[in-house]
Amino acid sequence: MDVRRLELLRELAERGSVGAVAQATNRTPSAVSQQLKVLERESGVPLTERDGRGIKLTDAGRALARTATDIAVAMERAQALWSEYKGTPSGEVTLAVFPTAGQMFLPGLLDRLDEHPGIRLTASDRDPSTEGFATLANDFDIVLAHSPDGQKTWRGSGLHIVQLMVEPLDVGLPPGHRLADEEQISPADLIGEPWIGVPPNFPFQSVLEEIEEITGEPPVVKQRFTDVRIVEALVSQGHGVGIFPRFTTQASRRSDIVVRPIAQVDSVRHISALMRPDRAERPSVQLVLEALAAEAARYSDR
């Protein structure tokens, strides 16, 4: 079997449609379909079946796709061994970061990579829902992701997952708020407070859900935004209270926002690096991952 055709089958398993595979591999859909038919003839068993207007993998197709992943990992390991003989890691590494992670990690990461001129880092900002981070791993070597549950969130995704840090989440209040002088704030203190929240499928929502479980009162969410800077602006002007990451936003350093920890609530987010297992074997990817871990440790040590 041709390794390149096996890789197309793997991409179909990951992306779900011939059109998505074609776009990701710079082919036409008909070319992808033709190569999959050739692979099916080579294997001697049906690998795909009709699913509405599209196709999906059969049990045999899914099994062969897993084999394609194993082959890709083995090839990357072989390439990594060869790179050791050639010298230091080199090449492009693509990185997807959610906005607050980019604000925290990228300046120091780029400083560290200046010591490795053979590495070209191409970073892009992405802000998907919690589940969407795993999908990004199809298109980026490393995806920085956050979730309330850490590695458990993406269990079963087939991705290589490295937890970088656990970041506390605090409540932000406008100056002069009735709770501003408290050292920490309990869920009961927040009953009836207007919230500037996040969309329901974004990680910070779990804090509000836990507050509701403890108090029995649903939070009053006035507005929802994915951009923390908008939340900062509204909280600072007294339009509500919000949840802020302790290290990665400006909230704790602003004079017009009072930041306090929340008692009785597991108010943290886990920041992890997600990678396809074959890409995790690349020396260049491992070097960038080590630099990210060093940056995470620098913030955690604070």
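For the reader, a short list of remarks on this structure follows.
- The charge dipole of the chain, taken about its Cα centre with unit charges on the Cβ of Lys, Arg, Asp and Glu (plus for the first two, minus for the last two), comes to roughly 1080 debye.
- Put simply, the C-alpha atoms of region 188-302 give a gyration tensor, and the ellipsoid matching it has half-axes of 32, 17, 13 Å, longest first.
- For ALA263, residues with placed amide H under 5 Å, excluding near neighbours: ILE185, SER186
- With R₀ fixed at 41 Å, the C-beta to C-beta distance from ILE71 to VAL221 puts the FRET efficiency at about 0.30.
- Antiparallel DSSP beta bridges within the chain, percent to nearest 5: 60
- Rg of the Cα atoms in region 3-82, relative to 2.2 N^0.38 Å, amounts to 1.10.
- When the charge dipole of region 167-267 is built from unit charges on Cβ atoms (+1 for Lys and Arg, -1 for Asp and Glu) and taken about the Cα centre, the candidate among LEU179, LEU234, GLY216 whose Cα reaches farthest toward its positive end is LEU234.
- With N counted as the residues of the chain, its alpha-carbon radius of gyration over 2.2 N^0.38 Å works out to 1.19.
- Between ALA297 and THR122, the simple label model (points 7 Å from Cα in the Cβ direction) yields a spacing of 3.0 nm.
- Residue-wise HN-Hα coupling along region 105-110, computed from phi with Karplus coefficients 6.51, -1.76, 1.60 (Hz; x: Gly, Pro): 8, 4, x, x, 4, 5
- Approximate shape of region 121-172 as ellipsoid semi-axes (Cα gyration tensor, √5λ), whole Å, largest first: 19, 15, 11
- Across region 266-272, coupling constants 3J(HN,Hα) worked out from phi with the 6.51/-1.76/1.60 Karplus curve, θ = phi - 60°, read 7, 8, 9, 10, 9, 9, 10 Hz, and Gly and Pro carry x.
- Within the chain, helix-based [θ] at 222 nm, where runs of 4 or more DSSP H residues each add -39,500 (n - 2.57), nearest 500: -13000 deg cm²/dmol
- Phi angles across region 67-77 convert, under the Karplus curve 6.51 cos²θ - 1.76 cosθ + 1.60 with θ = phi - 60°, into 3J(HN,Hα) values of 5, 4, 5, 4, 5, 4, 5, 4, 5, 5, 5 Hz, Gly and Pro given as x.
Read the figures in this text as sums done on the coordinates, not as results from a lab. None of the values given here were measured: they were computed from a predicted structure. Using ideal geometry, Cβ is built from the backbone for each residue, glycine included, and neighbour counts are taken over all protein chains shown.
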